[in-house]
Amino acid sequence: MAGPPAVTWVVSPAHANHITVFVGLLGGALAIAFYLVLQPWGRASLFLLMLLAGAFCIAARARARQPSGNLIWDGEQWMWSGWEVQANLRVHCVIDLQRWMLLRVHASAGTAIWLWLETREASARWLALRRAVFANIPVQKQRSEPGL
């Protein structure tokens, strides 16, 4: 049985990730504003503002460090061409929400990156990518041996 067809997926920061971070920060800012209206300024107010500023810095740093590149299935192995081309990767789906997938990609050197993928308009390639991710069957080259 042949494995899934070759597919290349362009990885870029997911819109769902941006929306989630924005809604979280906006909710935190509104909660702090509500608290500040009801309470006089004090140490707790300063602490909450510093907490919100820290959350904003963490979100900005995470956004800047999100990987982008190409996740490539060539029919036999996974490759990543982001910062540098890496081959012989292991790809594991951690979360599958049909239109979104969270993948953990392990390199042979032991490093791992997390990729949050989402489908936009490329539904045919998305289905091919999902087939490749969930195949989990190592493709072995068939040998024809005499006498069999």
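It is to be established whether one or more residues within the stretch 67-83 are at pLDDT 80 or above, among the charged types (D, E, K, R) and touching a His at 6+ places or on another chain (Cβ under 8 Å).
The answer is no; no qualifying residue exists.
For residue 53, are the conditions met, namely being more than 30 Å from residue 31 (Cβ to Cβ), at pLDDT 80 or above and of a type in the set (Gly, Ala, Ser)?
Against the criterion (more than 30 Å from residue 31 (Cβ to Cβ), at pLDDT 80 or above and of a type in the set (Gly, Ala, Ser)), residue 53 does not qualify.
Yes or no: residue 90 in contact with an Asp or Glu (Cβ under 8 Å, 6 or more places away or on another chain), among the basic types (Lys, Arg) and modelled with pLDDT under 90?
It is false that residue 90 is in contact with an Asp or Glu (Cβ under 8 Å, 6 or more places away or on another chain), among the basic types (Lys, Arg) and modelled with pLDDT under 90.
It is to be established whether one or more residues within the stretch 16-26 are more than 30 Å from residue 123 (Cα to Cα) and out of contact with any Pro (no Cβ under 9 Å at 6 or more places or on another chain).
yes
Search the stretch 46-81 for residues being small (Gly, Ala, Ser) and more than 13 Å from the chain's Cα centre (by Cα), and hand back the single one that is nearest to residue 129 (Cα to Cα).
Filtering the stretch 46-81 for residues small (Gly, Ala, Ser) gives 53-55, 59-60, 62, 64, 68-69, 75, 81.
Those still in the list that are more than 13 Å from the chain's Cα centre (by Cα) too: 53-55, 59-60, 64, 75, 81.
Details: 53: 38, 54: 36, 55: 34, 59: 28, 60: 29, 64: 25, 75: 11, 81: 16 Å.
This residue is 75.
If you take the residues in the stretch 51-105 that are of a type in the set (S, T, N, Q) and either at positive phi or in contact with a Cys (Cβ under 8 Å, 6 or more places away or on another chain) (or both), which one is surrounded by the fewest Cβ atoms within 10 Å (Cβ to Cβ)?
98
For the stretch 7-18, check the following and say yes or no: at least one residue is assigned to a helix (DSSP H, G or I), touching a residue at least 60 places away in the same chain (Cβ under 8 Å) and surrounded by 15 or more Cβ atoms within 10 Å (Cβ to Cβ).
yes
The values are calculated or read from the model by the stated rules, or taken from the named source; none is laboratory data. Keep in mind it's a predicted model, so treat the numbers as computed, not measured. Please note: Cβ atoms are built from the backbone with ideal geometry, for glycine as well, and neighbour counts cover all protein chains shown.
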